[in-house]
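What follows is a single structure, written as C-alpha cells, with notes after it.
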Amino acid sequence: SAVISQKPSRDICQRGTSLTIQCQVDSQVTMMFWYRQQPGQSLTLIATANQGSEATYESGFVIDKFPISRPNLTFSTLTVSNMSPEDSSIYLCSVEQGAGGYTFGSGTRLTVV
Amino acid sequence: EDQVTQSPEALRLQEGESSSLNCSYTVSGLRGLFWYRQDPGKGPEFLFTLYSAGEEKEKERLKATLTKKESFLHITAPKPEDSATYLCAVQASRSSNTGKLIFGQGTTLQVKP
C-alpha cells in the first residue's frame, strides 16, 4: 500500500494566520482526500483533490477557508486560512490503496491560540 | 442521510477477556464498510474492508463481520497492545464522491494486563 508523508506533524499558530499542510505519497494516485478530526469528533471529509482540476469541497467547507493545491500525482497541500481557535483539529490526508481500503497520513495536529 | 454510530464509546477489558465492538450504519447503498485502528498521535491504520452482508474477515485476534445494518469487530483474547481507538467507516455507492468515507466516532479500547 502507499506510504504517505505528512508535515508538519504539529503546530501552534496565532489566530488570523494561515498554515499550509503538505502531503507526499510514494506512488502516483489519482485522488487525494483531506479530512479533519476535531477533538472528540469523528473524521470528516473536507475535500477531494484531483490532479489537474479544482478540488471538490464537501458541504460546510469552502475554498477560501481551505485552499488546496495538487500540482502532480504524488503531492498535495491544504491551507487553513485566517485561523480561529475553532480550527484546532487534526488534519489528515488519505489516498486509496490497492487492497480496497484507504491509507492515511500520520496527521497534523493544529492548535490555534 | 448516511450515518455511522459506534458503541460503546469506551471499553475496558482484562487481558484475555474477549468482546465485540458494534458499528451501526444507514447508507444509501453500501459500497464498502471499513475498520481502522488509531493510536494516539497517529493516523488511522487500515484493518478490513467488508462489502456484503455475511462477509467475514480475520486478522490475528480481530474478526470483522457484516450484516445489512451493522458490523461487529470481535476481539478474541485481547492483549494490552490491542489498546487503541477503533474506527468504523462506510462508503456509499450512490454518493457523488465515491471516495468519501463517513466515519463513526470510534470506540476506545483499553486492555489491562
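The residues of region A:66-110 that are in contact with a Lys or Arg (Cβ under 8 Å, 6 or more places away or on another chain), assigned to a strand (DSSP E or B) and open to solvent by 40 Å² or more (accessible area, probe 1.4 Å) amount to a single one, A:R109. Here A:C23 meets the list (1) of a type in the set (A, V, I, L, M, F, W, C); (2) touching a strand residue (DSSP E or B) at 6+ places or on another chain (Cβ under 9 Å); (3) without any contact (Cβ under 8 Å) to a residue 40 or more places away in the chain almost entirely, failing just condition (3). Please specify each residue of region B:1-56 satisfying the condition of being of a type in the set (S, T, Y) and either farther than 22 Å from A:L92 by Cα or without any contact (Cβ under 8 Å) to a residue 12 or more places away in the chain (or both). Once the filter is applied, which keeps residues that are of a type in the set (S, T, Y) and either farther than 22 Å from A:L92 by Cα or without any contact (Cβ under 8 Å) to a residue 12 or more places away in the chain (or both), region B:1-56 yields B:S7, B:S18, B:S19, B:S20, B:S24, B:Y25, B:T26, B:S28, B:Y51, B:S52. What single numbered condition from (1) open to solvent by 20 Å² or more (accessible area, probe 1.4 Å); (2) among the hydroxyl-bearing types (S, T, Y); (3) in a strand (DSSP E or B) fails to hold for A:T17? Evaluating A:T17 over (1) open to solvent by 20 Å² or more (accessible area, probe 1.4 Å); (2) among the hydroxyl-bearing types (S, T, Y); (3) in a strand (DSSP E or B) leaves (3) as the failure. For the criterion of being closer than 21 Å to A:V3 by Cβ and within 14 Å of chain B (Cβ to nearest Cβ), A:G107 passes. Working only within region A:20-43, note down all residues that are in a strand (DSSP E or B) and either among the small types (G, A, S) or buried (at least 16 other Cβ atoms within 10 Å of the Cβ) (or both). Listed by number, the residues that qualify are A:I21, A:Q22, A:C23, A:V25, A:M31, A:M32, A:F33, A:W34, A:Y35, A:R36, A:Q37, A:L43. Do you know which residues across region B:12-53 are part of a loop (DSSP other than H, G, I, E, B) and away from chain A (no Cβ under 14 Å)? Passing the criteria: B:E15, B:G16, B:E17, B:S18, B:V27, B:S28, B:G29, B:A53.
The condition (being in a loop (DSSP other than H, G, I, E, B), of a type in the set (D, E, K, R) and within 16 Å of the chain's Cα centre (by Cα)) is satisfied by just one residue among B:K68, B:K57: B:K68. Checking every residue in region A:69-82 against the condition of being of a type in the set (V, I, T) and without any contact (Cβ under 8 Å) to a residue 40 or more places away in the chain gives zero matches. B:E81 fulfils the conditions (1) open to solvent by 40 Å² or more (accessible area, probe 1.4 Å); (2) more than 30 Å from A:T108 (Cβ to Cβ) except for a single criterion, (2). Of all residues in region A:72-85, at least one satisfies being out of contact with any Leu (no Cβ under 8 Å at 6 or more places or on another chain), aromatic (F, W, Y) and more than 10 Å from every other protein chain (Cβ to nearest Cβ). Looking across region A:44-54 at every residue that is over 20 Å from B:G104 (Cα atoms) and within 11 Å of chain B (Cβ to nearest Cβ), the one that is surrounded by the most Cβ atoms within 10 Å (Cβ to Cβ) is identified as A:A49. When each of A:I63, A:I46 is tested for being touching a strand residue (DSSP E or B) at 6+ places or on another chain (Cβ under 9 Å), free of Cβ contacts under 8 Å to residues at least 60 places away in the same chain and assigned to a strand (DSSP E or B), the lone residue that passes is A:I46. For region B:93-113, the criterion of a residue being open to solvent by 60 Å² or more (accessible area, probe 1.4 Å), within 14 Å of another protein chain (Cβ to nearest Cβ), closer than 28 Å to A:S89 by Cβ and at pLDDT 95 or above is satisfied by at least one position. The condition (being open to solvent by 20 Å² or more (accessible area, probe 1.4 Å), more than 14 Å from B:D82 (Cβ to Cβ), within 13 Å of chain A (Cβ to nearest Cβ) and among the acidic types (D, E)) is satisfied by just one residue among B:E56, B:E9: B:E9.
The values are calculated or read from the model by the stated rules, or taken from the named source; none is laboratory data. Keep in mind it's a predicted model, so treat the numbers as computed, not measured. In this analysis, Cβ positions are derived from the backbone assuming ideal geometry, glycine residues included, and neighbour counts consider all displayed protein chains. Just the protein is used for accessible areas: all its heavy atoms, side chains included, with ligands, DNA and RNA removed. Shrake-Rupley method; radii C 1.70, N 1.55, O 1.52, S 1.80 Å.
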